Amino acid sequence: MKLEYIELSLQAFTALFSLIYLIKYRSKFLFLLSCYLLFSSIVEGIGAYIITIKRSSYLLYFIYSLFQFNLLGLIYYHIIDSEKLRKLIVCLTLVFSALWIIVIFNRNLFFYLVILGAINTSVFAFLYLRTLLLSDKILNYKKLLPFWVSVGFLVFYFPSVPFFSLIGYMKDRGLFFIINILVILMNLFIIYGLIWSKKEKKYL
C-alpha cells in the first residue's frame with residue numbers, strides 16, 4: 001500500500017475516533033479538535049483525488065489554509081489561560097489572516113503563507129507546553145489530551161517549516177513522502193492521546 005493511502009486512511013480513522021470521544025466526553029476542546037481532524041481528512045482526500053486527475057488543487061488548499069490555521073489558533077486560545085499569551089495568539093493569527101488576504105492577489109506567496117501558519121502553530125504548541133511545564137498539571141501530563149495533541153502538532157508543523165521553505169527548489173514531488181510520514185506520526189500521537197486519556201471524566 002502506498003504511503004499516501006496509509007496517511008489518508010489514518011487521517012480518516014483519527015477524525016472518526018475523535019468524534020466518538022466527542023460524543024462520549026463533550027467538551028469545547030474536543031469539538032475544535034474534531035473539526036480540525038475531520039476537515040483535514042476531507043480536504044486531503046479531495047486533494048489526493050484532484051492530483052490523480054491532474055488538476056490544480058491550489059484553490060482548495062488556499063481556502064482550507066484560512067480555516068486550518070485560524071482554527072489552530074482558536075484551539076490554543078482555548079487551552080492557554082494566560083491573557084498575555086492569548087493576546088499573542090490573536091496577534092499572530094491576525095498577521096496570518098492579513099497575509100492570506102494578500103495572497104488572494106499574489107498566489108506566488110502561498111508557500112510563505114503555509115510557512116507562517118506552521119511557525120504560528122509551532123509557537124502555540126511550545127507556549128502551551130511551557131505553561132504546562134510551569135503548572136501543577138505537569139504531574140499528570142500523560143493523561144492530558146492537549147499534551148499529546150501538541151506533541152503531534154510539533155512533530156508535523158515544526159519540521160514542515162524548512163520543508164516548505166525549500167519547496168521552490170524541488171523539481172517534483174519526490175520528497176513529499178516526508179510530509180506523509182510527518183502526518184502519520186502526528187495522527188498516531190493524537191490517537192495515543194485519545195486512548196491514554198480516555199479514563200478522564202472531563203476534557204478541557
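What follows is calculated from the coordinates using simple rules that are stated; it is not laboratory data. No experiment lies behind these values; they were computed from the predicted model shown. Quick reminder, even Gly has a Cβ in these numbers, built from the backbone with ideal geometry, and neighbours come from all protein chains shown.
Hey, for a label at LYS84 modelled as a point 7 Å past Cα toward Cβ, could you say which residues of segment 113-143 have their backbone N under 17 Å away?
Residues passing the 17 Å test: 124, 126-135.
Find the all-direction average of the projected area of the Cα convex hull for segment 76-129, expressing the result in square nanometres with one decimal place.
Values: hull surface 13.8 nm².
In nm², the orientation-averaged hull projection of segment 76-129 is 3.4.
In segment 1-139, if the dipole is taken from +1 on Lys/Arg beta carbons and -1 on Asp/Glu beta carbons about the Cα centre, which of LEU99, ALA48, SER18 is farthest to the positive end?
LEU99
What's the angle, to the nearest 10 degrees (0 to 90), between helix 145-165's Cα axis and the longest principal axis of the chain?
Once rounded, the angle reads 20 degrees.
Just to confirm the filter: which trypsin sites (Lys or Arg not before Pro) across segment 5-48 are DSSP coil and have at most 13 other Cβ within 10 angstrom of their Cβ?
Numbers: sites: LYS24, ARG26, LYS28; in loops: ARG26.
Sparse-neighbourhood loop trypsin sites (Lys or Arg not before Pro): ARG26.
For segment 5-63, what is Rg from Cα atoms divided by 2.2 N^0.38 Å, rounded to two decimals? Could the numbers behind the result be given before it?
Working: Rg = 13.3 Å, N = 59, 2.2 N^0.38 = 10.4 Å.
Dividing the Cα radius of gyration by 2.2 N^0.38 Å gives 1.28.
Report the gain in length on full extension from THR52 to LEU99: 0.36 nm times residue separation, minus Cα-Cα distance, nm rounded to one decimal.
Details: separation 47, 0.36 × 47 = 16.92 nm, distance 2.97 nm.
Using 0.36 nm per residue and subtracting the Cα-Cα distance, I get 13.9 nm.
Which whole-number percent of Cα pairs in segment 25-138 have a distance greater than 25 Å?
Value for segment 25-138 (Cα pairs over 25 Å): 30 percent.
Per residue and in cubic angstrom, what volume does the convex hull of the Cα atoms of segment 88-163 have?
Dividing the Cα hull volume of segment 88-163 by its residue count gives 82 Å³.
Using Cα pairs under 8 angstrom and six or more residues apart, how large is the relative contact order of the chain, in percent?
Here the relative contact order equals 28 percent.
Which entries of LYS2/LYS24; LYS28/LYS142; LYS28/LYS143; LYS2/LYS54; LYS87/LYS143 have Cα-Cα distances beyond 24 Å here?
Long pairs (Cα-Cα over 24 Å): LYS2/LYS24; LYS87/LYS143.
Would you work out the charge dipole size for the chain about its Cα centre, treating the Cβ of every Lys and Arg as +1 and the Cβ of every Asp and Glu as -1, and quote it to the nearest 20 debye?
440 debye
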